[in-house]
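Only one structure is covered here, and it is reproduced in the block below.
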Amino acid sequence: MTQMTQMTQVTTARIAGLFWLLFTIAIGFSLTQLRMPMDLIGRGADAEVVSTMLRTGIALTVVAHVMLLCFGLTLFHLFRDVGGMVRIVMLTSCAISTALGIANTLNYCEVLALMTIDPALTANVADFGRTVTVASKTANFGQALLEIFWSAMFFCFGLLVVRSGYLPRIFGSLLFAMSAGYPVNSLTKILLPQFYAAEITQATILLAAVGGLPTMAWLLIKGASTSPRSPSPTTYT
C-alpha cells in the first residue's frame, strides 16, 4: 500500500466506526422515546407530552437508519478489494433493514395522525392506550423482522474481517456471535410469542454489546490495519 492509500484506509474505517456509533446512540434513544409513552398514558399524561415523545422517537429512528445505511456503504467501500459477493449481501441486508426500520415508524405515525384528527381520543385513556398498544406491538414485530437482516449484515461483516485481515480476526468471531442473537430473538417473537421472554432480548443485547462495542472502538481508534495480516485461506464467494 502507498502511504496515501494507507491513510485513506484508516480514515474510511474510522468514518465507518463513527456512523456505527451514531446509529447505536440514535436507535437507543429512539426506542426509549417510542416505548415510554406507554407508561405515561397509563398515568394519564398530557397528550402533548405523548405526542412530543412519539415525534422525537420517530425522527431519531429515521436518523438512526440513515446512519446505518451510511455505515453499510462505508464498509462496502472499505472492503472493496476483498469483498466479492459477501460485500454485496452485506450492503443489501443493510439497505433492506434500513427501509424496514423507516417504514416501521408508520405504526407510530398512525397514532399521531389519530391524535390530530380526533383529539378527543386522548381523553379516553383506555381507548387511547389500546391504540398505542396495537401500534407498539405491530412495531415490535416489524423490529423483529428487520433484525433478521441485521444478523445477515453483521455476519457478512465478520466474514469480511476474517477474510481481509484489516482488523484482528478475533473481531470477526465476535461479530459472528453478535449476528447469532438477532435471529433467535426475532423468530421467537414471531413464531413463539407465547414463549417469548425478556431474557432472550437481554441475551441478544449482551451479545450485541460483546460483539459490537470492541469492534466499534477498534474502528474509531485504530481504523483498518495499514499492514493487513495474511488473508484467511478460506474463500468466500
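Every number in this text was worked out from the coordinates using simple rules, so none of it is lab data. Computed from a prediction, not measured in an experiment: that's the story for all the values here. Note that we place each Cβ from the backbone using ideal geometry, even for glycine, and neighbour counts take in every protein chain shown.
Things to note:
- What you get for the range 3-221, charging only the Cβ of Lys and Arg (+1) and of Asp and Glu (-1), is a dipole of about 640 debye around the Cα centre.
- Rel. contact order, % - alpha carbon contacts under 8 angstrom, at least six apart, the range 3-221: 22
- Label-to-label distance, nm, for residues given as residue 199 and residue 213 (7 Å Cα→Cβ offset): 2.2
- Once the chain from residue 85 to residue 73 is taken as fully extended at 0.36 nm per residue, the excess over their C-alpha distance is 2.9 nm.
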